[in-house]
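Take a look at the structure set out below.
Bear in mind these aren't lab numbers, they're just calculated from the coordinates by the rules spelled out. All of these numbers come straight from a predicted model, not from anything done at the bench. Heads up, the Cβs are rebuilt from the backbone with ideal geometry, glycines too, and the neighbour counts pull from every protein chain shown.
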Amino acid sequence: MLFLQTTTTAQQGFALDPLTIIMLVVLAAMIFFMFRSNKKRKAQAEDLQTKMVPGAEVMTNFGVFGELVSIDEERNEAHVEIAPGTVIRVHRQTLARVVDDHAEILDDRADDAGDADEPRDRA
């Protein structure tokens, strides 16, 4: 009897129940968003590389600000002047971002306007 039941379900083919359809839709959405985020990340990296030119104000991953003096592509390192006459040598991947003075001023003004009600500690 069990044999007859399995053969009849095998003849019907693969049934798409609602749970299977939902799982396939979720899987497709995850793959779509994964490719989309990779594309955005790659575009941001390319944008950062075009801005990384000698003379640009940069910030490293560990919070040091300075002016980019040179980039050595072969050795994968950069020279950053953090004070007049003080140049440090760092790995290129530690350069986190190019500092845009105009954007920082606008951000500071927005922060000042938004926090007008709160008292501040000034050291």
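Per-residue packing, averaged as other Cβ atoms within 10 Å, sorts the ranges 50-58, 16-24 into the order 50-58, 16-24, beginning with the highest. Here the extension length gained between M30 and R92 equals 19.1 nm, from 0.36 nm per residue of separation less the Cα-Cα distance. What net charge is computed for the residues neighbouring Q44, neighbours being all others with C-beta under 15 Å from the C-beta of Q44, Lys and Arg scored +1, Asp and Glu -1? Net of charged neighbours comes to +4.
Using the Cβ-Cβ distance between E74 and M23 with R0 = 41 Å, the FRET efficiency computed as 1/(1 + (r/R0)^6) comes to roughly 0.25.
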